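Asks: Encoded as structure tokens, here's the structure I'll be asking about.
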Amino acid sequence: MNPYFKDLQPYPFEKLKDLKAGVTPNIDLDPIMLSVGEPKHPAPDFVKQTLCNAIDGLGNYPSTKGISELREVIAQWAIKRFNLSNTSLDAESNVLPVAGTREALFAFTQAVINNTVGNKPLVVCPNPCYQIYEGAALLAGADTHYLNCNNEDDFIPNLDAVPETVWQRCQLLQLCAPGNPTGATLSLAYYKRALELADQYDFIVSNDECYSELYRDEKNPPLGLLDVCQQLGREKFDRCIVFHSLSKRSNLPGLRSGFVAGNAQLLNFFFRYRTYHGCALSLPVQQASIAAWSDERHVQENRELYREKFDAVGKILEGILEFNTPPAGFYLWPKTPIDDVTFARDLYAQENLTVLPGSFISRKTEMGDPGKNRIRLALVPDLNDCIEAAERIARFTKKLK
């Protein structure tokens, strides 16, 4: 067995299952789950129809690189979305379809980490974070260094607080913007600083952008790393890689479809890895993906649904819990008046409502635990359920006070 398996921590939802074990919820209330970030809005009908129409494609082996039509649609979408020049993002060399960001984030780390030379490598990542970043690093034979995302820093990891000894060992800086669970976005100056450090210490900058299309201000979409490269004159996207998915953007988590884009040399190396890895998208999935990436109307409608839920839930919880309404994503990240694990357990018992304790997706560091006394609320159910959930949280919290 891979000796690094012993270093893996239980997945957050394993911890949540254990927390709920033996607890009897209030049977007078219907269960509501805000714990899992699985979109519940309907998948677009035209995408489902395209998938059905292309079903005969299951009789063919798909290529690792995907069909040219899909890569071209992705490239054109990214060029328009991130204000790139028409020649900077080449569908052949700068784009690779993948089976969702989870698979690609894990595989990319395995492909690029070199643990055969010098000191043990480091992957630097935000805290709290998507646990795949940590697991991928550990199984690749790297250590992880966590950048705490605290309220006083607008939940943005502080790059300048990192010791030089960490940057000297860093091989991969894993960012997530908009952030999970904070919804924080990053500025041009922040990205510029990250790239300066990457050039100085010779590491890759990876940005998980799977929440990039869920934002509140329709006129101010979040910056992406490709956009930043364009503005800084890094037209070959040196050291840069981004990850996108249809799961959140188009309510298609079960389609398992996304893409990786960025530096051609990195993409070629990753492509070679994936020819052995074996995660090519089936042809029906590729055709459905073409349809999804070609349409923006359903994405705009999706954003409006989340705005309604944030507004409604925010009004109910205002003055009850301390929280910031995030500029992007679909999570709330409020503070709890008592320990987050106890809060989540007792909330489930009394209100039949499941939320995720913040400490289940964060790590203790010398600078503290940024997930402690916070909970993650995924506003993915329909509006009425989100309103009902907020009312239950308010009722429960008032009893505590």
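Asks: Is it the case that R303 is of a type outside the set (F, W, Y) and in a strand (DSSP E or B)?
Replies: On the way: of a type outside the set (F, W, Y): yes; in a strand (DSSP E or B): no.
When the stated conditions are applied, R303 does not pass them.
Asks: Go through region 289-306 residue by residue and tally those that are over 21 Å from A75 (Cβ atoms), surrounded by 15 or more Cβ atoms within 10 Å (Cβ to Cβ) and either among the charged types (D, E, K, R) or outside the structural domain of D382 (by TED's automatic domain parsing) (or both).
Replies: So the count comes out to 1.
Asks: Can you confirm whether region 42-56 contains a residue that is assigned by TED's automatic domain parsing to the domain that holds L383 and either among the hydroxyl-bearing types (S, T, Y) or touching a Pro at 6+ places or on another chain (Cβ under 6 Å) (or both)?
Replies: No, because not a single residue in region 42-56 is assigned by TED's automatic domain parsing to the domain that holds L383 and either among the hydroxyl-bearing types (S, T, Y) or touching a Pro at 6+ places or on another chain (Cβ under 6 Å) (or both).
Asks: Filter region 354-368 down to the residues that are surrounded by fewer than 24 Cβ atoms within 10 Å (Cβ to Cβ), in a loop (DSSP other than H, G, I, E, B) and either touching a residue at least 40 places away in the same chain (Cβ under 8 Å) or of a type in the set (F, W, Y) (or both) and list them by number.
Replies: Going residue by residue through region 354-368, those that are surrounded by fewer than 24 Cβ atoms within 10 Å (Cβ to Cβ) are 354, 359, 361, 363-368.
Right, trim to in a loop (DSSP other than H, G, I, E, B) and you get 361, 363-364, 366-367.
I361, R363, M367 - these are the residues of region 354-368 that are surrounded by fewer than 24 Cβ atoms within 10 Å (Cβ to Cβ), in a loop (DSSP other than H, G, I, E, B) and either touching a residue at least 40 places away in the same chain (Cβ under 8 Å) or of a type in the set (F, W, Y) (or both).
Asks: Filter region 27-51 for residues that are in contact (Cβ under 8 Å) with a residue 60 or more places away in the chain, of a type outside the set (D, E) and surrounded by fewer than 14 Cβ atoms within 10 Å (Cβ to Cβ) and give the result.
Replies: Residues satisfying the conditions are I27, L29, P31, P42.
Asks: What number of residues within region 338-347 satisfy the criterion of being touching a strand residue (DSSP E or B) at 6+ places or on another chain (Cβ under 8 Å) and either surrounded by fewer than 22 Cβ atoms within 10 Å (Cβ to Cβ) or of a type in the set (G, A, S) (or both)? Walk me through it before giving the result.
Replies: Narrowing region 338-347 to residues touching a strand residue (DSSP E or B) at 6+ places or on another chain (Cβ under 8 Å): 340-341, 343-344, 347.
Subset that is either surrounded by fewer than 22 Cβ atoms within 10 Å (Cβ to Cβ) or of a type in the set (G, A, S) (or both): 341, 344.
So the answer is 2.
Asks: Could you list all residues from region 369-390 that are within 15 Å of G37 (Cα to Cα), within 18 Å of the chain's Cα centre (by Cα) and not in a strand (DSSP E or B)?
Replies: L379, V380
Asks: When the residues of region 205-258 are narrowed to those that are buried (at least 21 other Cβ atoms within 10 Å of the Cβ) and either basic (K, R) or outside the structural domain of C176 (by TED's automatic domain parsing) (or both), which ends up nearest to Q131 (Cα to Cα)?
Replies: Looking at the filtered set, the residue picked out is K248.
Asks: Still on this structure, I have one more. Any residue at all in region 98-106 that's surrounded by fewer than 24 Cβ atoms within 10 Å (Cβ to Cβ), in the same structural domain as A288 (by TED's automatic domain parsing), out of contact with any Ser or Thr (no Cβ under 9 Å at 6 or more places or on another chain) and aromatic (F, W, Y)?
Replies: The answer is yes; a qualifying residue exists.
Asks: Let me ask you something else. Checking T144 against (1) within 24 Å of R249 (Cα to Cα); (2) under 18 Å from the mean Cα position of the chain (by Cα); (3) of a type outside the set (F, W, Y), which test does it fail?
Replies: Against the list (1) within 24 Å of R249 (Cα to Cα); (2) under 18 Å from the mean Cα position of the chain (by Cα); (3) of a type outside the set (F, W, Y), T144 comes up short only on (1).
Asks: Residues in region 75-82: is at least one of a type outside the set (A, V, I, L, M), farther than 27 Å from Y133 by Cα, out of contact with any Leu (no Cβ under 7 Å at 6 or more places or on another chain) and surrounded by fewer than 18 Cβ atoms within 10 Å (Cβ to Cβ)?
Replies: Restricting attention to region 75-82, the residues satisfying the condition of being of a type outside the set (A, V, I, L, M) are 76-77, 80-82.
Filter once more, keeping what is farther than 27 Å from Y133 by Cα: 76, 80.
Now narrow it down to the ones that are out of contact with any Leu (no Cβ under 7 Å at 6 or more places or on another chain): 76, 80.
Of the ones still in play, those that are also surrounded by fewer than 18 Cβ atoms within 10 Å (Cβ to Cβ) are 76, 80.
For region 75-82, residues of a type outside the set (A, V, I, L, M), farther than 27 Å from Y133 by Cα, out of contact with any Leu (no Cβ under 7 Å at 6 or more places or on another chain) and surrounded by fewer than 18 Cβ atoms within 10 Å (Cβ to Cβ): present.
Asks: Looking at region 136-158, which of its residues are closer than 22 Å to T275 by Cα and either touching a Leu at 6+ places or on another chain (Cβ under 8 Å) or not small (G, A, S) (or both)?
Replies: Within region 136-158, A136, A137, L139 qualify.
Asks: Somewhere in region 119-134, is a residue loosely packed, with under 14 Cβ neighbours inside 10 Å and in contact (Cβ under 8 Å) with a residue 24 or more places away in the chain? Steps first, please.
Replies: Of region 119-134, the ones loosely packed, with under 14 Cβ neighbours inside 10 Å are 119-120.
Those still in the list that are in contact (Cβ under 8 Å) with a residue 24 or more places away in the chain too: 119-120.
Scanning region 119-134 turns up at least one residue that is loosely packed, with under 14 Cβ neighbours inside 10 Å and in contact (Cβ under 8 Å) with a residue 24 or more places away in the chain.
The values are calculated or read from the model by the stated rules, or taken from the named source; none is laboratory data. This is a predicted model, so every value here is computed, not measured. Backbone-built Cβ (ideal geometry, glycine too); neighbour counts: all protein chains shown.
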